[in-house]
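Please read the structure below before turning to the comments.
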Amino acid sequence: MPYYVTTPIYYVNAEPHLGHAYTTIAADVLARHMRQRGEEVFFLTGTDEHGEPVAQVAERLGTTPRELADKNYVRFRDLVERVNATNDFFIRTTDEQHETGVQRVVQRIHDNGYVYAGTYEGWYCPKCADFKTDADLVDGNRCPIHLIELEREKEDNWFFRLSAFQEPLERLYAERPHWVLPRNRYNEALSFIKQGLNDVSLSRARLSWGVPVPWDESQVIYVWIDALLNYYTALSYARPGEDLTARFWPPSVHLIGKDILKFHAVIWPAMLMAAGIEVPERLYIHGYLLMDEHKMSKSLGNVIDPFEVMDLYGTDALRYYLLREVSFGQDGNVSTAGFETRYTTELANEYGNLASRTLAMIGRYRDGVVPTARPEPALVAEFEDVPARLRERFDVVDVSGALEVVWQAVRRLNRYVQDEQPWQLAKDESQGERLDQVLYSLAEGLRFVSVLVHPFLPESASKLLAALGREDLALDGARFGAAPGGAELGELPPLFPRVERDRAA
């Protein structure tokens, strides 16, 4: 089956921050791993550019919404490129083809009888672009995410009959217990549904920055309806002259943050049902990156600049830290101190130093050629099921768990060096055969773990594999002992060089 993975599309009313990098990196790791399996992969990301938040910021800056979108979209595109994401397409909701596709699907929902005229009255958060219930509010009438005071609004617009999908959605959740992961997010979404669904606004009457409602051009389609359809519309024009919808739809995995659970796990499948379109195979909901116990957010001023981190430590270090420090699917705190600790103890010492020591010993004791020898039997036994366990973690979108599977093998190789002490074996000519076995096993172990960790550390793993003379990334070849000896080693620069504190400051 083709593999289609998406990130949410990122809102262009502010610059990108670490939270945006987090989801993009996770999606890229999934895409890279599935390509290693030999799967046909389509990876989508992009920007959400319509709606009131963009219009408000543009007005405040004395520019137009289009000019603001054009400016900030570049920053998100640059972030995607900088984190080494291998996305197949970058969608903008201001793309003409997307807007046409949105109108086509919304018209279908209307024609199928799921749209009517009505009046909305209630709380609205312009930063979320979301309508809030009384139960959602905190400290009186504040948004629970942005902590700003909200005002009640009233307007005539078009409504989507979400309530008509109460039973179909409950049936979807009953028949597909792994449709939303992790399980606590499945329970949260199902609980929301079982409380009873109310119809939702499909349009906004007092905005002009959006996609016109096809049967009523005095209104624009509500930004969330517009945005959710990007996953579907992108396939129709991502590859010029070719419609990929039949090949890749439905998506294999939508990756989203927990703050947009309601839209993706409730409204989105109902919209698709209303339009007669198959629902996605799986949603995976990750938690927040926290600083000072709050979600990282430009509006709260508590962000780490991902570009600064990558300038100082490199892209691989950022990719590793985000998926190592916080268990994917849970909330977790991030900090510069935690980053420096992971960088030094795990990347530089456990992986980078293992690589440099191994290549140096093979250079010193075997003239830079990997010995031909039998792999260490104990390592063969211990590493035999590692690829299968890695696949299992990826199959349930446990990205952090997959990284832990590989890192256990990295640490086992470090223990192997300390236990066998090849520098001592080299002093005894009678131990030549044993030294060959240890050095081969270390080189082969590095190849093995580097293939497996490549989706997380693509630059570093590629450099090491090139130095080992073994650049094949196919997962089928990731078996300890599968590569023979005899490879002539190349140069390997320090993978994770020391960063001076004055530079870090």
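Every number in this text was worked out from the coordinates using simple rules, so none of it is lab data. Model, not experiment: these values are computed from the prediction. Ideal geometry is used to build each Cβ from the backbone, glycine not excepted, and the neighbour counts take in all protein chains shown.
Given only helices, namely DSSP H runs of n ≥ 4 each adding -39500 (n - 2.57), what is the per-residue ellipticity at 222 nm of the chain, to the nearest 500 deg cm²/dmol?
Working: 21 runs with 230 residues, N = 505.
The per-residue figure over the chain is -14000 deg cm²/dmol.
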Alpha-carbon Rg with Dmax, taken over region 326-422, Å: 16.4, 49
Give me Leu323, Leu202 ranked fewest to most by other Cβ atoms within 10 Å of their Cβ, as a rough exposure proxy. Leu323, Leu202
Over all directions, how big on average is the projection of the convex hull of the alpha-carbon atoms in region 1-127, in square nanometres? 10.4
For region 452-505, convex hull of alpha carbons as volume per residue, Å³: 95
So what is the relative contact order for region 292-413, in percent, with contacts set as C-alpha pairs under 8 Å and at least six apart? 25
Quick one: check the C-alpha center-to-center distance for region 178-250 versus region 329-352, whole angstrom. 36
Give me the tail of P(r) for region 334-501 as a percent: Cα-Cα pairs with distance above 19 Å. 55
Label-point separation (nm) for Asn184 and Ala388, each offset 7 Å from Cα along Cα-to-Cβ? 3.1
Cα-only radius of gyration and Dmax that characterise region 3-303, units Å: 18.4, 53
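Neighbouring Cβ atoms within 10 Å as the yardstick, rank Val266, Val380 fewest first.
On the way: Val266 20, Val380 15.
Ordered by Cβ neighbours within 10 Å, fewest first: Val380, Val266.
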Taking the alpha-carbon centre of each part, the distance from region 62-83 to region 124-155 in Å is 27
Remind me, relative contact order of the chain in percent, using alpha carbon pairs under 8 angstrom and six or more residues apart? 15
Just how many % of Cα pairs in the chain lie over 39 Å apart, if you round to the nearest whole percent? 31
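Just round it to a whole percent: the fraction of Cα-Cα distances in region 100-191 exceeding 21 Å.
Looking at region 100-191, the distances longer than 21 Å represent 56 percent of pairs.
Could you line up Phe89, Phe383 from fewest to most neighbouring Cβ atoms inside 10 Å?
Details: Phe89 15, Phe383 24.
Fewest to most other Cβ atoms nearby, the residues stand as Phe89, Phe383.
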Just list whichever of Lys71/Lys154; Lys194/Lys262; Lys71/Lys258; Lys154/Lys194; Lys71/Lys127; Lys132/Lys262 have alpha carbons separated by over 23 Å in the model shown. Lys71/Lys154; Lys71/Lys258; Lys154/Lys194
For a quick check: with amide H placed at 1.01 Å from N, whose amide H comes under 5 Å from Lys132's, ignoring anything fewer than 5 positions away on the same chain? Trp123, Tyr124, Cys125
